[in-house]
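Q: Right, I'll just put the structure down here and ask away after.
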Amino acid sequence: MTPRFQHRIETALPLQSNDGVLEIKGWASQEGANLPPEIKIVSDRGEISAIHRCARPDVDAAFGIADAGKLWGFTLRGKLPAGAHLLRLVAAEGGTDRWQTLQRFTAVVFSRGLQASIEFPVDLTLRESVRIQGWAAHPDASIRAVELHYGTRRVPCEFGLSRLDVPQFLPEAPDAGKSGFVSVKNAPAGRSVVRVIAIDAHGGRHVARTNRYAEINRDEENPAGLNLPAQPARLPPARRTSPADPFSPPHSPAKPLRVLFVLYGDFTSNSAIHVAALANAMIALGHACIVAVPEHAETLSYHRGARFRAVVFDAVPSDGRIFPDGNPPDVIHAWTTRENVRRFCEPLRQVTGAKLVVHLEDHELRILELNLNRSRHELLELEAAALEQLVPPTLSHPQRSREFLASADGVTVITEKLRDLVPAGPPIHLFWPAADPGAFFPRPVPRDLRAALGFGDDHTVLFYHGNVHAANRAEIHELYQAVDELNARGAKTTLIRTGRDFCPISNDTAKTDGRQVLFLGQIEQHAHLGALLALADFFVQPGEADAFNDYRFPSKLPEFFAIGRPVILPRTNLGNSLRHGEDAYVLERADATAIAAAIRTLRADPLLRERLGTGAAAFAAKRFSWQRSAEGLLSFYGQMTSLPISPRLTHA
Amino acid sequence: MPEPRDESADPLSLLQKQLILSQVQILELEDVRDELQATIAARAKVLTELQTVADGALRETAAAKDAETIARTALHSAREDAERLRSTLERLQQAADVSARRLREMEADLAATQRAVTEKAGRIETLDAELKGMKASRSWRWMAPLRSLERLFR
């Protein structure tokens, strides 16, 4: 008669092991039998039969077993090779070999990875430049070479020395018997945790952290000794950890909108920073957003954590149905009147019937003048065909841009003055840009890194992160000249710059020797700029009130203010809304002389510096918020989308 | 794209730039590390979920096999019962056939008996009529005293 068993596995399933050892606890009994059954675990790659038994009075009680105290409980423990296993818990009546499967289950065994140990020197802190000895073995791989890593040091080792002890506790390792190593030279000076790096026969790298810490200050190349800092100087973390998503939506919107933003450049542009922030905020508020760019959609990687999808113009079908629900956009937000944007948006609007909103962030005509080096009068006097040839896709056409604006269902502007450039008709909405609160927030100066860079307390560090193009090259040149002037007068000053130069800052190439400018180029992740900005003492936005600056809002200003440093800027655009000496240091004209004078004043007045730093952070907290800007913009969209579709448009 | 231009070839400036850029690289590597940790955690979670699904499927398979065994046993038992019932039915059918045949025979006998009875009844009726006729005849009436004397001397 076939025996009948009862059992329960009490180890939580699914079963996983990080070190190759599996342990399974439970109980098993046999109906009508006084003795516990034989138990083991079987897989196609081995058995686990090592068992520890124990009494289970709860099982006695549950089954009304009068003869209590039998060893129904079991703990099975054993090793299996790395991989996924299909296991069977099997039982047999005592003394028989008729195994029955009680339960099938899976187990995943992760390799223990490289096992290694340093045995000489014996101290946990290695202070002497001597040969380092130990062993290294991998349970699943054959090792070809071993190195020791600590800090920037890479120390090759002779590997394959005989070890009779390692096979005792690592029998599965192919090289256990020849796992000894010794460094080929005395350990060089360096400071950090010591790691063993093993290269296997297939070129794979395996890392094992040891319990040794290298603090070697002296070696053959540095007999006098090196002063190695306990902790390396570091930039602060790029982002602060925040327990809550800053854009947590309070509820789902009553009417979710589908918004298509259309950029004139790729995602490395300053405009993309604004669009990305707005799109992320709108998505967090429950709406759908897609951003279209002329090309290079892969530059979206510049905005790690972007919640929206990026598409190139050519990939948008003519019916505009690009949203996940198969619908076209409700709103097309054209980012400026640049020709490539206009040519993309107009037919799409015709077909989809979407509301068109055009964004102005600059005096487009002024930018056209500066780039083409012609006045607007000269441009307007040209024949239409000639003008057509002259205006590139990445700039605005003087006439078509105006028509584009006039035809819009709404216009957004970034400064009040831009309202002057909007033809009568469409409603206008003003919003200010902001800074990513996760990356741009009040940060202390990383003094140790500043010291490592050679910037003492008497050294002024400025930081400017922005591209240089025809429209602003003269201003940046003023900033450079301010740095030159300060250094010439003995006030040590360095300007750290990032970004791209689309044109030379000055034609005076001779005056570069000794210039204290560190140009880092484009930083791949915009979010990393916050940590870099922390190096600065002050921020400077050069320029003056003119046809270019009056109509713009430099996108780096909210980021300057958010870091909590004194900001020096001219009385134009944002400068018109700031209190001098409280929110910022406002100059009538931020040219080289004025900038240098302002920096000297701030250097001499620590109380003013502190007040302006605090004031800058407070102004940022109060006035710059992507969430508020997005909410305002959504409300503006909502007003438009509740209106009937313009009779000027025809549907496809 | 224009390449960044160093404003100064001063070795210190170059070193400073490299130090800052290496710090930026550390930030990038930290980002990659964080992404990898998140990816690893997500994949570990998926692995656990897959295992849970697999274990569940194994339990269902085992339960299905048990159910199949029970069903097979029940089917076998039912087939045996059915066989028994079939045999019983066959026997009963045979008995019924015999009974039917016997019934038909009895019915035939009955019919024959009925026919005989009918015939006999007819004969009785005839005889009865003859007897009545005979008893109604004058010779019978006239011989009645002689039958009485005969009965007296019998």
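The values are calculated or read from the model by the stated rules, or taken from the named source; none is laboratory data. As the structure is a prediction and not an experimental result, all values here were calculated from the model. Using ideal geometry, Cβ is built from the backbone for each residue, glycine included, and neighbour counts are taken over all protein chains shown. What goes into the accessible areas is simple: the full protein's heavy atoms, side chains included, and nothing from ligands, DNA or RNA. Shrake-Rupley method; radii C 1.70, N 1.55, O 1.52, S 1.80 Å.
Q: ³J(HN,Hα) across the range A:572-584 via Karplus (A = 6.51, B = -1.76, C = 1.60, θ = phi - 60°), whole Hz, x for Gly/Pro?
A: Taking θ as phi minus 60°, the curve returns 7, 6, 4, x, 6, 9, 10, 9, 5, x, 10, 8, 6 Hz for the range A:572-584.
Q: Measure nothing but the geometry: give the 0 to 90° angle between the long axis through the Cα atoms of A:626-641 and the longest principal axis through the Cα atoms of chain A, rounded to 10°.
A: 70 degrees
Q: Next question. Can you give the accessible area buried between chains B and A, summed over both chains, with a 1.4 Å probe, in Å² to the nearest 100?
A: On the way: alone 14080 and 30360 Å², together 41260 Å².
When B and A are taken together, about 3200 Å² of accessible area is lost.
Q: Can you compute the charge dipole magnitude of chain A about its Cα centre, using +1 on each Lys and Arg Cβ and -1 on each Asp and Glu Cβ, nothing else charged? Give it in debye, rounded to the nearest 20.
A: 1040 debye
Q: Helix B:11-136: angle to the longest alpha-carbon principal axis of chain B, degrees 0 to 90, nearest 10?
A: 0 degrees
Q: A further question follows. Roll a 1.4 Å probe over the protein heavy atoms and report the accessible area of B:Ser139 in Å², nearest 10.
A: Approximately 70 Å² of B:Ser139 is accessible to the 1.4 Å probe.
Q: For the range A:435-488 and the range A:368-414, what is the separation of their C-alpha centers, rounded to whole Å?
A: The range A:435-488 and the range A:368-414 have Cα centres spaced 35 Å from each other.
Q: For the range A:455-508, what does the alpha-carbon gyration tensor say about shape, rounded, prolate or oblate, given a ≥ b ≥ c as the root eigenvalues, a/c under 1.5 as rounded, and a/b over b/c as prolate? It would help to have the intermediate numbers written out before the result.
A: Numbers: a/c = 3.37, a/b = 1.75, b/c = 1.92.
Judged from the Cα gyration tensor, the range A:455-508 comes out oblate (a/c at least 1.5, b/c at or above a/b).
Q: Out of the DSSP beta bridges found with both residues in chain A, what percent are antiparallel (nearest 5)? Could you put the intermediate results ahead of the total?
A: Working: 68 of 115 bridges.
Of all bridge pairs located within chain A, approximately 60 percent are antiparallel.
Q: What is the average number of partner chain Cβ atoms found within 10 Å of a Cβ in B:46-57?
A: 4
Q: Among B:Ile40, A:Ile48, A:Ala592, which residue has its Cα positioned farthest towards the positive end of the charge dipole of the protein assembly as shown, with +1 placed on the Cβ of Lys and Arg, -1 on the Cβ of Asp and Glu, and the dipole taken about the Cα centre?
A: Farthest towards the positive pole: A:Ile48.
Q: Here is a follow-up. Tell me, what % of the accessible area of chain A is carbon and sulfur with a 1.4 angstrom probe?
A: Roughly 51 percent, rounded to a whole number.
Q: Computing the accessible area with a 1.4 Å probe over protein heavy atoms, can you report the carbon and sulfur percentage for the range B:1-142?
A: 62 percent
Q: Summing Lys, Arg as +1 and Asp, Glu as -1, what charge do residues with Cβ under 9 Å from the Cβ of A:Leu76 carry, A:Leu76 excluded?
A: Numbers: positive: A:Lys25, A:Lys40, A:Arg77; negative: A:Glu23.
Cβ neighbours under 9 Å give a net charge of +2.
Q: What ranking of A:Val586, A:Val445 comes out by heavy-atom accessible area, probe 1.4 Å, highest first? Walk me through the numbers on the way to the answer.
A: Working: A:Val586 10, A:Val445 30 Å².
Largest accessible area first, the list is A:Val445, A:Val586.
Q: OK, next. State the Cα centre-to-centre distance between the range A:74-148 and the range A:201-219 in whole Å.
A: Rounded to whole Å, the Cα centres lie 21 Å apart.
Q: Taking all protein chains together and a probe of 1.4 Å, list A:Ser29, A:Ser375, A:Ser318, A:Ser635 from the most accessible to the least accessible.
A: Sorted by accessible area, descending: A:Ser318, A:Ser635, A:Ser375, A:Ser29.
Q: Among A:Ser162, A:Ser183, A:Val146, which residue has its Cα furthest toward the positive end of the charge dipole of the range A:136-192, with +1 on Lys/Arg Cβ and -1 on Asp/Glu Cβ?
A: Checking the options against the dipole of the range A:136-192, the answer is A:Ser183.
Q: Need one word for the protein assembly as shown: rounded, prolate or oblate. Basis is the Cα gyration tensor (sqrt eigenvalues a ≥ b ≥ c); a/c below 1.5 gives rounded, then a/b vs b/c decides. Numbers along the way, then the final one.
A: On the way: a/c = 4.42, a/b = 1.84, b/c = 2.41.
Because a/c hits 1.5 or more and a/b fails to exceed b/c, the protein assembly as shown counts as oblate.
Q: Further question: Report, ordered by chain and residue number, the aspartates and glutamates lying within cross-link reach of A:Lys355, taken as a straight Cα distance under 20 Å and ignoring same-chain residues fewer than 8 apart.
A: Result set, ordered by chain and number: A:Asp319, A:Asp325, A:Asp330, A:Glu339, A:Glu346, A:Glu403, A:Asp409, A:Glu631.
Q: Given H placed 1.01 Å from N in the peptide plane, which residues other than close sequence neighbours of A:Thr412 have an amide H under 5 Å from its amide H?
A: A:Val358, A:His359, A:Leu360, A:His429
Q: Something else: Calculate, for the protein assembly as shown, the solvent-accessible area per residue in square angstrom, rolling a 1.4 angstrom probe over the heavy atoms of the protein chains.
A: On the way: 41260 Å² over 806 residues.
Averaged over the residues of the protein assembly as shown, the accessible area is 51 Å².
Q: Please state the shape class of the range A:272-409: rounded when a/c is under 1.5, otherwise prolate if a/b exceeds b/c and oblate if not, all from the C-alpha gyration tensor.
A: Numbers: a/c = 2.22, a/b = 1.74, b/c = 1.28.
Since a/c reaches 1.5 and a/b is larger than b/c, the shape of the range A:272-409 is classed as prolate.
Q: Using the Kirkwood formula over every pair of different C-alpha atoms, what hydrodynamic radius in Å results for the range A:413-494?
A: About 16.9 Å for the range A:413-494.
Q: Now for a separate question. How do B:Met143, A:Met640 stack up against each other in accessible area, from largest to smallest, with a 1.4 angstrom probe?
A: The ordering from most to least exposed comes out as B:Met143, A:Met640.
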